[in-house]
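Asks: Before anything else, here's the structure in question.
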Amino acid sequence: MISVIGKAQPRVDGPLKVSGQALYTSDHHFPGMVYAVPVCSTIANGEIQAIDARAAEKMPGVRAILHRRTIGRLSRAAVNHEFGADMVHLDETRAPLEDDVIRYYGQYVALAVADTFAQAVAAADAVKVTYREQTPNVDQRLAPETAQKLESERGDPVKAFAEAEIQVDQTYDLPPETHNPIELHASVALWDGSTFTLYETSQGVVNHRNVLAQMLGVPRENVRVITRFLGSGFGGKLWPWTQSALAAAAARQLGRPVKLVVSRRMMFQSVGHRPRIQQRIRLSATRGGKLTSLRQDWVNHTSILDDRKENCGEATAHMYSVPNLRITSALARRNVGAPTPMRGPGAVPGLWATESAMDELALKLGIDPVALRLANEPQIDEGLKLPFSSRHLKECLSLGAEKFGWSKRDPRVGSMKRGGLTLGWGMAGCSWQAARFPCAASVELRDDGTARVSCATQDIGTGTYTILAQLAGERLGLPLDKVEALLGDTRLPPGPLSGGSGATAAVVPAVLEAAGKAIDSLLALAPNTDLQYTSGRVHAKGEPASSGIAFEDFLRLRNVRAVSGIGSSEGSGAFGTAKPTLSSHSFGAHFVEVTWQPEIARLRVSRVVTVIDAGRILNPLAGRNQIEGAVVMGIGMSLFEETSYDPRNGAPMNSNLADYIVAANADVPSLEVHFVEVPDTNLNELGARGIGEIGLAGIAAAIASAVHHATGVRVRELPIKIENLLT
Ligand code: MOS
C-alpha cells in the first residue's frame, strides 16, 4: 500500500502553470469572438437621465452599445439557503441594468461591444451618460441604522461588567478592504441558441450555473460553467457578479462569443469587498485574570439594496470561558457596491477586535497575554452549549510560545532591543469554523492503467487538484502520476464551493467512497470469483498482490474500457442541514515580532511564528503555503490595506495596485508555521479540516499588540499607519 496522504506533495497542476499551458478564463478565445467593456457610472447616488450612444455606435469595430432597453431580459435569481447542488446565492441581487437608479460608483449602466478590446474601451468611453446626481453617503463613521440584532447571549453581561474589578471598553475599526487576486474577474460567454457555455472566474461553478440559469431564464441543464484554473479569489469570486450576466446577455443578443474582463479599477467598484466595520468590545475580569463578561457590538456597512452582515461574532462565543456575554450586530447603508466574503469573513475582523481587547486586558491585569488565554480555556463551547469536536488551542499557545522564545519577553514597553532596533513582541489566538459542504465525486479506473477523479469543485490556487489526486491515489493505491484530477466544470458531479475552508473536508469522504465503489465495479466484472484489489492489482483473495494482474490488464481481459464509482457526502456544521451536535472549529496562535526605529519612524514585521490546529494535514506543503499566504495577507491587513472612498462622488480613490497597498516580498520576514496534528475524525474519516482561512484570523491583533509593546501606542484603527505611532 503506497501512501500519499500527509506527504509534502508538489502541485500536480504545477507543470501546466509554470509552462503556460494552464488556460485561465480570459485566455479562452473563440472564432468570431467580440469584446465587451462596461460603461461605469461616474456618480454613486442618483439616476440616469439619458444615454447617448450615437457617437459610440459609429466608431470602428463597434457591434453594439447595449443598455437597459436593448440588452434583453435579465431576471433576478431567487436566493435560497442551500449549500449543495441546488444552491442559489449571490451578494448583488439586483439584475444588472434593471432600473435607472445609481446606487454606487462604477455601477454598470451600459455595455460597449466591439471586434477588439481597444475598440470596445474607446466606445465605452464615448458613451455619454447624463445623470441627476445626489450627494452619496460614504461616511466613515458608522452608527447602527438597522435594529441591533442579538447574535448570542448568556448570563448578565451588563451587571457583571458594572461590578467587575478590571474593565476594558474600546472600539476597534476596520476599513473596507478590496480583494486583489492577480487574476482579474472575467467572463467568456457562448450561446448556441439553446445552451450557454460560460467560462468564468468562479469559486463555485455549480452555484454560478444555478444563478445564471435563473437570470437568463433557461433551465439549469442549458447552462454549463467552466473554471479550470483560477488566479485566486479570496472570496471575491465566491458568488457571480453582474459582469457575468451582462456577457451572457450580450452573447445572446449578438449571437457571438463575448469576452468581458473586469479592469482592476472596476474590481474596486463592482465585485465585492470586505465592508467597513466598527466593533465596541467590553471585557471584564477579576484581578486574578478570570473573565467575567464579554460584549461585542458591531456595525458593518452594506450596500443600499443588499443586507450583508459580516458575522464578526463567529468566533467570539466559543473562544474563551466567560459566564456573561452578549453579541449584537447592526448594519449601516452606504452608496457602495455589495460587500462580500473576504478570506475569513466575520471571524477575521471579529478576532482583530476581541484579541486586541484581550491584550489590553492582560496589560491592565499585569498578566502575560498567553497566560491570560490559558487561564480562560473553556471546557465546552459555551455559546452553543456543545462539546468541541476537537480543540487544541492550549497546545497551539504553548508550542508557539516555545518556538518563539516568548519566555524571554520583557513586558515593559520599548524595553527590548536588538542591533539598535526596538523590538515589540505580541501574540493572539485564532479560530475558524470547521464545516464541510455537500459533495459528490466520481472515480474511474481505465484500461490504460490510469484513474480519473472528477468533481465540480474548483482549485483557486489552494491545491485542490492535488488533494483530489492524493485522495483517489491513496484509496486506489496508485502513484499520483497515474491519477488525473478533473474539476471546474458543471458537467462533473456537483462539488463544493471553494470557500469557507469547507472544500477539502467535503471531498475527502466523497472521493474515498467513489474510489471504493470503482473498485467494487472492477471486481464485479468477474462476479463468481473471489477477488481482491490491492494497490492497482487484482488478485485472488488471501493471496499476495503480486500473484494477480494489473487492473488495466484485468479490464482488457474483460474487454471493458473503464469502470467507475460515484461517492457523495452530506454537508455538516455551518454548511449542513442537521442540527450540530458538536462545536467544530480550527484553532491557532500567532506570535509576532516587530522592529521599530523611532528616529526614522520605521516599522517592520520581523518574525512570525504560527501554530495551527486544523486536524490532519493532507499535504504539508500546500498546507504550510496556505498559512504563510494568510499571514502575508495579515501583514497587509494590519499595515497597508484600506479602500478609500471619495466623499464627493463616492469613488474608490485608490483603485489600483499602486495606491492600494498589499504586502510585498520586502514586507514579509521568514515565516514559521507549525501544525498541531490531531485528526478531527468527527468531520471526515481522515480527520482533515480546511485551512484556507484560519491563518488570517488573529494576525492583525498580534501585530497591533507587538506594535504597542514596541512603541507604547495602541492602534485600534487598521491599518496601522506611521502617523499613528508618532508620539
Ligand atoms: Mo472564502 S471568503 O469563503 O473564499
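No lab work stands behind these numbers, since they all come straight from the coordinates. For clarity, every value in this text was computed on a predicted model and none was experimentally measured. Cβ: placed from backbone, ideal geometry, glycine included. Neighbour counts: every protein chain shown.
Asks: Going by how many other Cβ atoms sit within 10 Å of their own, how do 455, 396, 40 line up, fewest first? Walk me through the intermediate numbers first.
Replies: Values: 455 30, 396 25, 40 19.
With the sparsest Cβ surroundings first, the list reads 40, 396, 455.
Asks: Further question on the same structure: Tell me, what HN-Hα J-couplings in whole Hz come from the Karplus equation 6.51 cos²θ - 1.76 cosθ + 1.60 at θ = phi - 60° for each residue of the range 16-29, using x for Gly and Pro?
Replies: The phi angles translate into 4, 6, 6, 9, x, 8, 6, 8, 7, 3, 6, 7, 7, 10 Hz.
Asks: Just add up the charged neighbours of residue 54: K/R +1, D/E -1, any other residue whose Cβ is under 15 Å from the Cβ of residue 54.
Replies: Here the charged neighbours net out to 0.
Asks: Suppose R0 equals 25 Å. What FRET efficiency, 1/(1 + (r/R0)^6) with r the Cβ-Cβ distance, do residue 600 and residue 364 give to the nearest 0.05?
Replies: Once rounded, the FRET efficiency stands at 0.20.
Asks: For the pair residue 662 and residue 171, what calculated FRET efficiency results from E = 1/(1 + (r/R0)^6), where r is the Cβ-Cβ distance and R0 = 22 Å, to the nearest 0.05?
Replies: 0.30
Asks: Something else about it: Mind checking which lysines have their C-alpha under 28 Å from residue 417, skipping anything on the same chain fewer than 8 residues away?
Replies: In chain and number order, the partners are 364, 403, 408, 721.
Asks: Here is a further query. In nm, give the distance between the simple-model label positions of residue 23 and residue 158, each being 7 Å from the Cα along the Cα-to-Cβ direction.
Replies: 6.3 nm
Asks: With just the Cα atoms defining each centre, how far is the range 625-686 from the range 467-539? Give it in Å.
Replies: For the range 625-686 versus the range 467-539, the Cα centre distance is 34 Å.
Asks: Which whole-Hz ³J(HN,Hα) couplings does the range 343-351 yield from phi under the Karplus relation 6.51 cos²θ - 1.76 cosθ + 1.60, θ = phi - 60°, glycine and proline marked x?
Replies: Karplus values, whole Hz, x for Gly and Pro: 2, x, x, x, 5, 5, x, x, 6.
Asks: For the range 201-215, what does the Karplus curve 6.51 cos²θ - 1.76 cosθ + 1.60, with θ = phi - 60°, yield as ³J(HN,Hα) per residue in whole Hz, taken in order and with x for Gly and Pro?
Replies: My calculation for the range 201-215 gives 8, 10, 8, x, 5, 5, 4, 4, 4, 5, 5, 5, 4, 5, 5 Hz in order.
Asks: For the range 194-353, with the dipole built from +1 on Lys and Arg beta-carbon atoms and -1 on Asp and Glu ones, taken about the Cα centre, which of 239, 345, 208 lies farthest toward the positive end?
Replies: Checked the options; the winner is 345.
Asks: Okay, moving on. Please state the charge dipole magnitude for the chain, taken about the Cα centre, from unit charges on C-beta atoms (+1 on K and R, -1 on D and E), reported in debye and rounded to the nearest 20.
Replies: Roughly 520 debye for the chain.
Asks: Considering only DSSP beta bridges where both residues belong to the chain, give the percentage that are antiparallel (nearest 5).
Replies: The answer is about 75 percent antiparallel.
Asks: Sticking with this structure for a sec: Provide 334, 94, 69 in ascending order of the number of other Cβ atoms located within 10 Å of each residue's Cβ, fewest first.
Replies: So the residues, fewest neighbours to most, are 69, 94, 334.
Asks: If each residue's Cβ is checked for other Cβ atoms within 10 Å, how do 172, 108 rank with the fewest at the top?
Replies: 108, 172
Asks: Along the charge dipole of the range 428-502, pointing to its positive end and built from +1/-1 on Cβ of Lys, Arg, Asp and Glu, which listed residue (461, 483, 499) has its Cα farthest out?
Replies: Of the options given, the answer is 499.
Asks: What order do you get for 51-64, 574-587 when each peptide is scored by the mean count of other beta carbon atoms within 10 Å, highest first?
Replies: Numbers: 51-64: 16.3, 574-587: 19.0.
Top to bottom by mean Cβ count within 10 Å: 574-587, 51-64.
Asks: With a cut-off of 8 Å between alpha carbons and a minimum separation of six or more residues, what is the relative contact order of the chain in percent?
Replies: On the way: 1958 pairs, mean separation 124.4, N = 727.
Computed over the chain, the figure is 17 percent.
Asks: Restricting to DSSP loop positions (anything but H, G, I, E, B) with no more than 16 other Cβ atoms inside 10 Å of their own Cβ, which GluC sites (Glu not before Pro) remain in the range 96-145?
Replies: 98, 145
Asks: Okay, next question. Mind running the shape call on the range 116-211? Use the C-alpha gyration tensor, a ≥ b ≥ c as the square roots of the eigenvalues: rounded below 1.5 for a/c, prolate if a/b tops b/c, oblate otherwise.
Replies: Prolate.
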